[in-house]
1. For segment 3-65, treating each Cα as an identical point scatterer without solvent, what Debye log10 I(q)/I(0) comes out at q = 0.13, 0.17 1/Å?
2. Give the peptides 112-119, 33-40 in descending order of average Cβ contacts within 10 Å, highest first.
3. Hey, which aspartates and glutamates would be in cross-link range of Lys25, C-alpha to C-alpha under 16 Å, not counting anything within fewer than 8 residues on its own chain?
4. Could you please report the charge total around Arg51, scoring K, R as +1 and D, E as -1 over all other residues with beta-carbon less than 11 angstrom from its beta-carbon?
5. How big, in percent, is the set of alpha carbon pairs in the chain lying more than 28 Å apart?
6. May I ask you to evaluate 6.51 cos²θ - 1.76 cosθ + 1.60, the Karplus curve with θ = phi - 60°, for each residue of segment 37-44 and list the ³J(HN,Hα) values in order in whole Hz, giving x for glycine and proline?
7. From the backbone phi of segment 4-12, what are the Karplus-calculated ³J(HN,Hα) couplings (6.51 cos²θ - 1.76 cosθ + 1.60, θ = phi - 60°) in whole Hz, Gly and Pro given as x?
8. May I ask you to derive the FRET efficiency for Asn53 and Glu126 from their Cβ-Cβ distance with R0 = 25 Å, giving the value to the nearest 0.05?
Amino acid sequence: MKTRKLLVRKPIAIEAFKLERVWSKEGGIVEPFEGIYALRQGDVVEVTSSRANQLLATSPETFALKGKEELWEFLDACCEEDEGEVELSRLWEEYRSWAEDRREPPMSKEVLEKELSGLFEVVESEKGPSLRGLRLREEGEANSPT
């Protein structure tokens, strides 16, 4: 998982090839018109992590990282985008272990859930709240190249 979600702070027009996906502030997916996205304040864009770094460095007044960088590092290291679901409680256990391995204090379970619910769809499963579109990597499974 080598993408980042950025929050649009002010309106801007941007070429479609620079973005992976765009969601309107109302939550629907936005399609480009003639190869250009007309982004509005509050829209969310998904871009590669390298493009995110570029946009955040060159246009901090226009884009802000959605979610904490620490969370994106965990997702890069331990998760993959997927059609399935992962239980929030299981994800938190993995996150806590990951943070402890790095000798960093983990976010509380409540903060982690709030951060993740702003990035992924939360659904109810038989075992409790889950995130749709994400899965934990299996032990020894390498990061996919982007």
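Read-outs throughout are calculated quantities, based only on the coordinates presented, and are distinct from any laboratory measurement. All values derive from a computational prediction rather than experimental measurement. Note that we place each Cβ from the backbone using ideal geometry, even for glycine, and neighbour counts take in every protein chain shown.
1. Result of the Debye calculation: -0.27, -0.47.
2. Values: 112-119: 16.8, 33-40: 13.1.
The most tightly packed comes first, giving 112-119, 33-40.
3. Asp43, Glu46, Glu121
4. Details: positive: Lys2, Arg4, Lys18; negative: Glu20, Glu46.
Surrounding charge for Arg51 is +1.
5. Numbers: 2276 of 10585 pairs.
Result for the distance tail: 22 percent.
6. 9, 9, 7, 10, 4, x, 5, 10
7. Result, rounded to whole Hz: 10, 9, 10, 8, 7, 8, 8, x, 7.
8. Working: r = 39 Å, r/R0 = 1.58.
Once the sixth-power term is evaluated, E becomes 0.05.
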